Amino acid sequence: MKSILITLLSGFTALLCGQTLDVRITYIRNSKGQICVALFADEAGFRAERTVLEAKYSKKNVVNGQIRVQISIPPGKYGLSVLDDENGNGKMDYNFLGVPLEGFGFSDYIQKGFRKPLVEDFDFIIQKNELKCITVQMKYF
C-alpha cells in the first residue's frame, strides 16, 4: 500500500512539474545498500562528476532484481547513471586493479567491456509535459 501511495504522489508531482522520467532498473543482484541515481547535462559534467540531480533509493522495494523510480525533471537533454551502492557509502568502490566492486548502469545503454562510456552513448531528450521511460541494466564484474 505504501508503494502505491508513493507512486500516486510521484505521479501528482509529475503533473505539477510537467516532465517525468520513469526509470526501470534491472539485474540488481541483491537487496543490500541503496540505489544511487545521477543525472548529467553533458560530457564535461559527467567526467567531473558534476550532476544536475542526485537521488538515493532504498533497495527494500527491489522485487526480482528490479526497481522502478520516477523523477521529475525540467525539459532537456541528459544522461542518467545508476550505482548499486551495496555498502551504502555513497560512492563506487574498486578493487586494487581499479575494477568496480559494485554494480553500475546507464540510461538505455548496456555496458560492454571496461571503457567508461561517453554521455552521447546513453543520453536522451525529454520534452515538455513528457513521460519518458528508460531502462537501466545493471552491470557487475
Worksheet entry | Positions within the range 125-140 being under 24 Å from D85 (Cα atoms) and assigned to a strand (DSSP E or B), in sequence order | C133, I134, T135, V136, Q137, K139
Response to the item:
Within the range 96-141, residues being closer than 18 Å to E49 by Cβ, surrounded by fewer than 18 Cβ atoms within 10 Å (Cβ to Cβ) and either touching a Gly at 6+ places or on another chain (Cβ under 6 Å) or of a type in the set (F, W, Y) (or both) number 0
Response to the item:
Checked the range 82-126 for anything touching a helix residue (DSSP H, G or I) at 6+ places or on another chain (Cβ under 7 Å), without any contact (Cβ under 8 Å) to a residue 60 or more places away in the chain and not aromatic (F, W, Y); matches are D108
Item to complete: Report whether or not K91 is at pLDDT 95 or above, surrounded by fewer than 17 Cβ atoms within 10 Å (Cβ to Cβ) and in contact with an Asp or Glu (Cβ under 9 Å, 6 or more places away or on another chain).
Response: yes
Worksheet item: Pairs, please: C-beta under 7 Å, at least 6 apart or cross-chain, first residue small (G, A, S) and in the range 25-54, second loosely packed, with under 14 Cβ neighbours inside 10 Å and in a loop (DSSP other than H, G, I, E, B)?
Response: G33/N87; G33/G88
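The values are calculated or read from the model by the stated rules, or taken from the named source; none is laboratory data. Values in this document were obtained by computation on a predicted structure and should not be read as measured data. No Cβ is skipped: glycine too gets one built from the backbone with ideal geometry, and neighbour counts run over all protein chains shown.
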